[in-house]
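Single-structure report; data block below.
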Amino acid sequence: MDVTTSAPRGAGPRGASASAPALKVQGLSKTFPGGKGLRDVDIEIAPGTVRALLGQNGCGKSTFIKVLAGVYQPDAGATAEVLGNELSLGSSRGAREAGLRFIHQDLGLISTLDVTDNLSLGSSYANTGWLSGSRERRRAQRLLDRYGIEIDVRQRLDHLSPAEQTLVAIARALGDDDSSAPRLIVLDEPTAALQSAEVALLFGLIERLKAEGNTVMYVSHRLDEVFAIADDVTVLRDGAVVANRPVAELDHDSLVELILGRTVEGIEPGQVHRDAPIVLEARDLCGATVETADLTLGRGEIVGITGLLGSGYEDLLFLLAGAKPRERGTIELDGQLVEIADPHAAVGHGIAFAPADRKRLSSIQGWSLRENITLPRVPTGAGRWLGGRAEHRDVKPWLELVRVRHSANSLLSTLSGGNQQRVVLARWLRIDAKVLLLQEPTSGVDTGAKHDIYVALREAAAGGAAVLFSSSDPEELAAVADRVIVMSDGAVTTELSGGSLTVDNLIRASLAVAPQGERAS
Amino acid sequence: TNGVGGDGDGSSSGSKEVVAAAQERVDAMSVEQPPIEVAPLPGAVEKGLTYGFITCPLPVCRTVTDASVKAAEALGWESKQVETEMTPEGYVAAWDQLLQDPPDVIAFIPFAPDTIVEKQLAKAADLGIPVVSIAPAGDRPSKDGPVSASYNGYPELRESGALMGDVIVADGGSGSNTVFVWDPALSAIWNPIKDGFEEQIKKAGDKPQVLEVSASGIGTALPGQVVSYLQAHPEIKYVAFALADMTVGVPEALQTADLADTVKITSRAPQAANLANVKKGTEWTTIGEEIESNGWRVVDGLARLSLGATPDDQWFEPGGWHQVFTGDNVTQTDESPVTPGSPDVFLAAWNVS
Amino acid sequence: MTSPADTAAEPVETASIPASTSRRSARGGGSGGLLLRFSGLYIWAAIIVVFGALVPQTFLTVQTATGIATNEAVTIIVAVGLLFSLAAGGFDLSMAQNLGFAAVVVATLSTVGGHGPWFSALVAIALSTAVGAINGFFVSVIRINSLIATLAMTSILLAATRLVSGQQFRGPLPDALRETSNAEPAGVPILVLYALIVAAAAWYLLEHTPFGRRLYATGANPEAAFLAGVRTGRHLFASFVITGFAAGLAGVLLAGKIGSVGPDIGPSYLLPSFAACFLGTTQLKPGKFNVWGTILSILLLATGVKGLQLLGGEQWITDAFNGLALLTAVSVAVVSARRAQSGRTVRRSTGRSAP
Amino acid sequence: MTSPADTAAEPVETASIPASTSRRSARGGGSGGLLLRFSGLYIWAAIIVVFGALVPQTFLTVQTATGIATNEAVTIIVAVGLLFSLAAGGFDLSMAQNLGFAAVVVATLSTVGGHGPWFSALVAIALSTAVGAINGFFVSVIRINSLIATLAMTSILLAATRLVSGQQFRGPLPDALRETSNAEPAGVPILVLYALIVAAAAWYLLEHTPFGRRLYATGANPEAAFLAGVRTGRHLFASFVITGFAAGLAGVLLAGKIGSVGPDIGPSYLLPSFAACFLGTTQLKPGKFNVWGTILSILLLATGVKGLQLLGGEQWITDAFNGLALLTAVSVAVVSARRAQSGRTVRRSTGRSAP
Ligand SMILES: Nc1ncnc2c1ncn2[C@@H]1O[C@H](COP(=O)(O)OP(=O)(O)OP(=O)(O)O)[C@@H](O)[C@H]1O
Ligand SMILES: Nc1ncnc2c1ncn2[C@@H]1O[C@H](COP(=O)(O)OP(=O)(O)OP(=O)(O)O)[C@@H](O)[C@H]1O
Ligand SMILES: [Mg+2]
Ligand SMILES: [Mg+2]
């Protein structure tokens, strides 16, 4: 790889004094029709450090990032500097030329194209008359090598694991103009969709970038990650900065308090129901990536399920919900053998299923909260007349239950990631299902909201529902589940409960066979 | 030579007399025809009448319409034309629209049989509005009908068809190996042509083949269909088109298929391009008939009706000008042929200028 | 190559229906939103005023009103039917030819076929509904892109129409059928009543039943809807059946109205119907295929055309009017939708990708 | 109501183009995939064999071959142009009328207009390209759904065509233009050569330049492409300009070919072009709008039609053939694509990116 440094596009960091902050923002506000998104935000980040941007759902993290990226226009009066050079906010090109690089919550990769094209699309095709696959592949490979990312550039994007996709997105954002000019890399919840095992991949890259003198800004709701990777934290609350501090000064609880403005008491471990009557019993399920799985869920039980990517633990929920064709196996509800051909049947039988891919699979972004919540079981009054007002009344309590304060008529797409997740939960709590199947119910949800959601799950369980939720966060599993099922190679390998249900055991159990873990380490 | 006939030896099925008769008629119609005649108006026509004209978007209709508007101007009438879409309901809507603000006199080019608009015709009758038609669609209007006069009717078209038959019989010495190309969707209007053509061919003891095409394929699908048919029927020597417009693109297609030398094309109601092709020899012959002068004839009829004349059979389907165009007698190729004498004879008969 | 598009830093969403993002503002009830939602009504009023001033004696008459309503009744019925497949995310390009097919079938059966009028009508409607079902089968079971499936079906229906009609005009239809379409109880053209009934039924189905809600869900995000328990396949299928049925009904009524049917009837309904449905998505319930918006659009365009015709405009003027009206109306809607929604802040349509 | 669709255990993706999922299997080179990719060639061969056996003396001739090629040359040019907007995710419904418009313009200018043939041709092509640019503007800058924008444009072009042609046939065209379309250097119809050149150029642009790659990306996922730094607006705009240009070129060549132009020419190219482009997505590069697949489809259909005509089939038979061929070919493609990778389809359709 040639290290001849071609100048970075545009003026950017040229002639910047080393001491100048990598990013300095002052008096940044952003008003939405709905209300304030950001209030008078000041942030200063030292070069070569990792800054964690924290806060509850809807506190303005993504908004801040989008203003930096020029996706949103800030209100007048905000100023920003990058390495001492003036940065005009609200211009995507300006941000890029100043050396800012963004990896948004949705990575912006094209799943039907291969890695090479995804890397080259934006700018960097060799501008020769003839586009040759092999040349482009070599260039792409060089780019990945530069950051020590080991992925086959011929792979189609949708064949990569989420972590790998994130790495590709980062590599693309950094680009291959091999300049030594430092960059500010901004990651919005890059780990929300990642497994604990995969997070290591990402951190490896972040450390490397840091070592090369780049600066990283990083949004996450997983506090353990903050302590693992960040140097300083910035905490937002209701769009305003409440703290800019080095991580060293903080511990877990004090950080939580900063974020919430209050302390959360840990969730009391639910009493395990050994003798609980069986609600759902699945035998020898097979389909998609699941080879064979037996499973029983008891009344009032909260069961976690985890494993490595491709171990089948995500597909198991799809099978139970009839969302993917089942090749083999039987499902019994309350001792009755039931045929669950599709999610409609599942809903009919009182099985609720909330997939993890919020945007594409478990919500309709362009619809109001009201319509999103009622979709599974549309209310019909007399003469099957579907009236907006009645529906509104129907939905209100459920929104309150999950503590979403937006009007039931506002569009889902205007809610922050975490609040969208709560709405999805409300949808499924509403049909008071016998069985709740939830994938990553707290992905992208802040600490406070997580707690609310756990409580809601407990209430649902107490109400007699059986809850089966998949999670890639061992802490969460250990804290919330009565019982955790660990899958690998399409079969249930371990079951942890009671005393044996600890974070260490969980990680050990999942990593027992770790093809993914090895990949890029 | 582009000329018609000559090589008719009695060997083929057509008896000598028939062929000779055909040749005679062709020769007669190949020389330049005399100007049409129009009787002078019995009196002076009231000026300032509103003249309603229902027309269609087809080129042929357009030609008539433009002429008719000129005619109305000459009489100091104010013309109001309504162009129908080429759908029955569009045609009905056009009538309703015209009658919503009723004009003093009405002429129309039927898109569909008069039964479709019988309500409207009745209304016109009630209002005492004289109505005349051009090229009736399948009707044979008579003086007892709702329409007081009609031009370019059955005999006109029949004659054109017959002449197409004659040129073929005269040239081939029989009617064999002939195909008639038309769009049955327009049969209401084109039946007379087909009748006339088949009759002449039958006289020569043959029956023409028939190729059904869709007029919507003019210039695009149609040439290919014709060529395919000719390839499937290599015996064919003559192709007669119910309308000259349908020949668009056909000579070129024949060229590509190496059929240009073995097949002769004839048609009726030519456009400028057809005349040009006939002169060049890429089309063989074409039959001229009254088009634009009908625009004048309807106004003439309406003028007489407005002067209180009562229609007799004369008013229906009067014979009109026809001309056989061959490579030898085509003089101009800039515009579609104009009826000899028109429009001067009308201006004279109306003594206006 | 350079282009004005350079100035647009936003991604393009051809997939989304026109002002799909404008629902926000509309719901939010921003004045911009309201102005937007009812722009059609204002424009319509303007048209009426203008032509009323230009050609009062003919334009401001009962005949004009009834004339427009009667002429558009058939379009309304077929367009309202089209709404169902559009709402469910399908495009039924075959619906116009399907209409023509039904018209030709009823005309042929009841004339040369020598069958009774009602029998003929039922057969025609049944066949058109079956055609809709076939479309639905290919789209929801085989899962072909609906544009292709119905494109192919159009071609097949064209063949069927030619075959049945024998390329001939069929008519005159029995009086029973002609009466059914041309009666005027209490001076009101009966076709208008039919159109109103169909519209009301469609409105109820789409807006006030679970079925309608699920139809929209299927169109908005098939995967999410499926996982929410909506049988998207069945609902998409149903939507095409309904579109086919409406086309059949419209065809039979049209045949009765004109009394004599040619083989080329039908296609002329394609553009107007789609135009109306899309224009409708900018009206009353912006961003959503909706019944009254569609009907408003039909009447609006028809009124303008009528006025121009009474002014003595030639055919081409009316075509130009239709095109320009559609283009400007939708543009205005889309642009002001973006304004209202973003408060001039969001540089990028967050319709599908909010944080 | 009940329906076969109930058996579909997966959501419907009307948006996706036909065998969009089959690309993988094709890449994977599964025998199923290969069979699929080249099915068109086999079918074509089969058609040739069958008709060759039925009507050898007329079907298996040079004239038949050249005849088909010449007839389809114009369709090929306009369809290849259409590919660009389709690849970028836009639908240009106006391209057929745009073709007719160009033909009428060149014919009018060069005859009654009294202008030189080359000048007339250039003006016609320039105007059509401008029309494409206007479409592009509304779709990429105003961001109207391309179906509506081009629907409206169709209606406007119809008006323009009627106006320019004065509803008359314009002809005869100057020999220079007729020669340009009808010359036969070395016995090869020159139109065929033009079509080949256009096809080759399009293939190069789409497959072997960054521009083409970005065009496809824009079509595949505009937002992601935008985030990836593709100027999606500019690319969509460009694609419509190209489609317009191709339509203009095709129109001028058609005018020269037939020597006299009526006002109603054009629309008849709409269905065949779209059918060919979609059918093409099942061939050679399944799941992708591609040049050679499109051309293969055009020739395949044309050959079948020609054979049927030589068999003496009536018009309706050829229409039915077109429809059925399209429907079956695409169905086969879609179904076997699903077979070829049943497991993965599901996984994909329910969100591969799920953790
Ligand atoms: N396009 C928009 N229109 C109106 N309001 C918006 C829009 N985008 C965001 N908001 C509001 O701005 C506030 C901040 O949203 P933002 O997405 O920044 O939260 P966040 O910190 O990213 O939350 P999360 O951690 O859940 O992602 C929220 O109240 C949200 O509802
Ligand atoms: N998303 C859904 N789609 C369809 N049916 C559902 C859905 N959710 C619940 N159901 C239940 O399915 C049954 C029928 O639903 P629906 O309201 O559609 O009545 P229907 O249309 O007569 O029956 P179906 O929808 O089964 O044809 C009802 O019990 C309804 O509650
Ligand atoms: Mg966020
Ligand atoms: Mg239902």
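Laboratory data are not the source of any read-out in this text; all were calculated from the coordinates shown. The structure presented is a predicted model; accordingly, all values stated were derived computationally and were not measured. Ideal geometry is used to build each Cβ from the backbone, glycine not excepted, and the neighbour counts take in all protein chains shown.
List of remarks:
- Helical runs assigned H by DSSP (4 residues or longer) give chain B a calculated mean residue ellipticity at 222 nm of -12500 deg cm²/dmol, each run adding -39500 (n - 2.57) before division by the residue total.
- Rounded to the nearest 0.05, the FRET efficiency derived from the C-beta distance between A:ASP504 and A:HIS392 at R0 = 51 Å is 0.60.
- Selection from A:THR116, A:LEU297, A:GLY307, by position along the positive dipole direction of chain A (Cβ): A:THR116
- Helical segments meeting 15 Å axial Cα length and Kyte-Doolittle 0.0 threshold in chain B (DSSP H): B:59-74, B:154-172, B:221-232
- Exposed loop sites are taken as trypsin sites (Lys or Arg not before Pro) in a DSSP loop (any state but H, G, I, E or B) with at most 12 other beta carbon atoms within 10 Å; the longest stretch of chain A without one runs A:15-261.
- Taking the inverse of the mean 1/r over every pair of distinct Cα atoms in the stretch A:106-176 gives a Kirkwood hydrodynamic radius of 11.9 Å.
- Inter-label distance for B:ASP312 and B:ALA349, nm, one decimal - labels placed 7 Å from Cα along Cα-to-Cβ: 1.6
- Once C-alpha pairs closer than 8 Å and six or more residues apart are averaged by separation and normalised to the residue number of chain A, the relative contact order reads 16 percent.
- Inter-probe distance in nm under a simple model that places probes 7 Å from Cα toward Cβ, at A:ASP275 and D:ARG339: 5.7
- For the stretch D:198-348, the fraction of alpha-carbon pairs in successive 10 Å shells from zero, as %: 9, 28, 34, 21, 6, 1
- Prolate/oblate/rounded call for the protein assembly as shown, Cα gyration tensor, a/c under 1.5 rounded: prolate
- Helix-only CD estimate at 222 nm, as mean residue ellipticity for chain C, using -39500 (n - 2.57) per DSSP H run (n ≥ 4): -23000 deg cm²/dmol
- Extent along principal axes [Cα atoms of chain B; Å; largest to smallest]: 60, 39, 36
- When the square roots of the Cα gyration tensor eigenvalues are ordered a ≥ b ≥ c, the ratio a/c for the stretch B:126-282 is 1.5 or more and a/b exceeds b/c, which makes its shape prolate.
- The stretch C:305-319 versus the stretch B:37-63: alpha-carbon centroid distance in Å: 22
- Near the amide H of A:SER488, within less than 5 Å, lie the amide hydrogens of A:THR493, all on another chain or at least 5 residues away, with H placed in the peptide plane.
- Summarising the amide proton neighbourhood of C:ARG170: residues at separation of 5 or more, or on other chains, whose placed amide H is nearer than 5 Å comprise C:VAL261, C:GLY262.
- Dividing the convex hull volume of the alpha carbon atoms of chain A by its residue count gives 162 Å³ per residue.
- Set B:LYS119/B:LYS202; B:LYS237/B:LYS279; B:LYS80/D:LYS257; B:LYS123/C:LYS306; B:LYS16/D:LYS306 screened for pairs whose C-alpha atoms are more than 29 Å apart: B:LYS119/B:LYS202; B:LYS80/D:LYS257; B:LYS16/D:LYS306
- Applying both filters, DSSP loop and at most 14 other Cβ atoms within 10 Å, to the GluC sites (Glu not before Pro) of the stretch B:285-353 gives B:GLU335.
- Residues whose placed amide H lies under 5 Å from that of A:VAL41, excluding near-sequence neighbours: A:GLY27, A:LEU28, A:SER29
- Among the GluC sites (Glu not before Pro) within the stretch A:287-360, those in coil by DSSP and having at most 14 neighbouring Cβ atoms inside 10 Å are A:GLU327, A:GLU339.
- The Cα-based radius of gyration of the stretch B:252-353, divided by its Kirkwood radius, gives an Rg/Rh of 1.14.
- For the stretch A:446-460, Karplus couplings with θ = phi - 60° (6.51, -1.76, 1.60), whole Hz, Gly/Pro x: 6, 4, x, 5, 3, 4, 4, 5, 4, 4, 4, 4, 4, 4, 4
- Of the DSSP H helices in chain C, those whose Cα atoms cover at least 20 Å axially and whose Kyte score averages 0.0 or more: C:39-54, C:62-87, C:95-110, C:117-136, C:146-165, C:190-208, C:232-258, C:291-310, C:315-342
- Modelled FRET efficiency - R0 35 Å, A:SER134 with A:GLU212, Cβ distances, 0.05 increments: 0.75
- Placing a label point 7 Å from the Cα of A:ASP253 along the Cα-to-Cβ line, the residues of the stretch A:438-453 whose backbone N sits under 20 Å from it are A:447-452.
- For peptide B:150-163, the mean count of partner chain Cβ atoms within 10 Å of a residue's Cβ comes to 0.
- Dipole-positive endmost among D:PHE119, D:PHE84, D:THR66 within chain D (Cβ charges, Cα centre): D:PHE84
- Three-way shape label, the stretch D:4-344, alpha-carbon gyration tensor, a/c 1.5: oblate
- In the stretch B:60-212 the Cα-Cα distances spread across 10 Å bins starting at 0 as 10, 34, 29, 17, 9, 1 percent of all pairs.
- Restricting attention to chain A, lysine pairs at least eight places apart or on different chains and with alpha-carbon atoms under 23 angstrom apart total 20.
- Legend note: in the protein assembly as shown, cysteines whose Cβ sits 4.7 Å or more from every other cysteine Cβ are A:CYS59, A:CYS286, C:CYS277, D:CYS277.
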